[in-house]
Amino acid sequence: MTDPWTWSPISLGRWGGVRVRLHFFLLLFLVTSLLFAALADGRPVGRTAGWLFVLLIVLAWHELGHALAALWIGCEPDEVRLWPLGNMLTASTPTRSAEQALVAAGGPLASFLGLFVSVIALRFGGANFPGNPFGGNQDAGGTLLMDGTVPLPSSPLWWLGWFCYLNEVVLLANLIPALPFDLGRLLRALLSGSGHGGSRDSMLPLWTAHSSAAVLALGGIARLLVSGTGDGVVLIGLAVLIELIVRAEALWLGDGGYFDDGVFGYDFSEGYTSLESSAAAVQPRRESALRRWRRRRSDQRRRLRAKLDAAEDRRMDAILEKIHREGRDSLTREENRFLIRVSSKYRNRPKTP
């Protein structure tokens, strides 16, 4: 494992040409949920396994929204790494900010559609969904029959209730304006094309993410004080996750990269390029252990960036040679995606004087 943000140890193969992997966070969530169910009164392991299965369906439905939006604009997703609230990576590699925003919006739109249709289906089935995102501690995602009772486990309304509730949770989570959530990606895409200081290196997304983390942390503390339930811990955990990502992004920006297509995804084609000035700012005299560690990490990132650039150049040369020998139609879908992405990156590189 080189980085917890990218570690996705289980592959589900290729779905329609897109590689799908399970992120470590999702695996941890599945295991701990089943473990707590085994230790709880009544041992509801079967019901827990049931709603976890529904969660996987909801995540697949959410990512299908991203994929359909990408295909609609003629861009194919490269890879999906599922975590409990969506995808840890960008859903595709469009080149224009409007296209990036459209793809980012595809997932929440799919989740909203799933929520809307399931709420109507529950009403027709004689059940009521209260819409409380903290109602998942009650079975069937908080869904109640008209007489106030909970649907029987494994009944159609029970499955539908969980589908409705989990779509709501995924939708609301992805409306947080910070990475790795979809609204954070949409905000970044809109800023990158606004022309008002909204470049990919803009600090506004970082400030928005910091504010989101603060609001979530305060909400989690208030939830713990008022109700004493585990929902407050979840909110605080999301705040910590966002803050860690923001700090990682700030380090990458300082090292000449930006958050787009690698680790949530980083791309190394542009961004801050004044590496010489940042290196000169390092003071070797009485350097602290933390500063030494950060300097070594910066050096590692620069070496990795150089290796990735060299590998891309070699593969680009091989693809161009293949086009010269056999024509553009001989390229595979993955090679075409690579050619489009890297060509766009070369076009967008800052021109040296």
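Quick notes on this structure:
- Region 24-48 - residue that is among the small types (Gly, Ala, Ser) and surrounded by fewer than 16 Cβ atoms within 10 Å (Cβ to Cβ) and, of those, modelled with the lowest pLDDT: Gly42
Each row is one residue, and each column tells you yes or no for (1) part of a loop (DSSP other than H, G, I, E, B); (2) modelled with pLDDT of 85 or more; (3) not polar (S, T, N, Q).
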| site | (1), (2), (3) |
| --- | --- |
| Leu89 | yes, no, yes |
| Ser92 | yes, no, no |
| Ala98 | no, no, yes |
| Ala104 | no, yes, yes |
| Leu109 | no, yes, yes |
| Leu115 | no, yes, yes |
| Gly136 | no, no, yes |
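- Looking across region 317-334, just one residue is modelled with pLDDT under 85 and of a type in the set (A, V, I, L, M), and that is Leu331.
- On the stretch given as region 14-40, residues that are touching a residue at least 12 places away in the same chain (Cβ under 8 Å) and polar (S, T, N, Q) total 1.
- Region 140-157: number of residues that are crowded, with 20+ Cβ neighbours inside 10 Å and in contact (Cβ under 8 Å) with a residue 40 or more places away in the chain: 1
- For region 71-80, filtering for residues that are modelled with pLDDT of 80 or more and crowded, with 24+ Cβ neighbours inside 10 Å leaves 1.
- For region 138-156, the set of residues classified as assigned to a helix (DSSP H, G or I) and within 30 Å of the chain's Cα centre (by Cα) consists of Asp139, Ala140, Gly141, Gly142, listed by residue number.
- Phe53 vs. criteria assigned to a helix (DSSP H, G or I) and at pLDDT below 90: no
The values are calculated or read from the model by the stated rules, or taken from the named source; none is laboratory data. Remember, predicted model here, so these are calculated numbers, not experimental data. Glycine also receives a Cβ, built like all others from the backbone with ideal geometry; neighbour counts cover every protein chain displayed.
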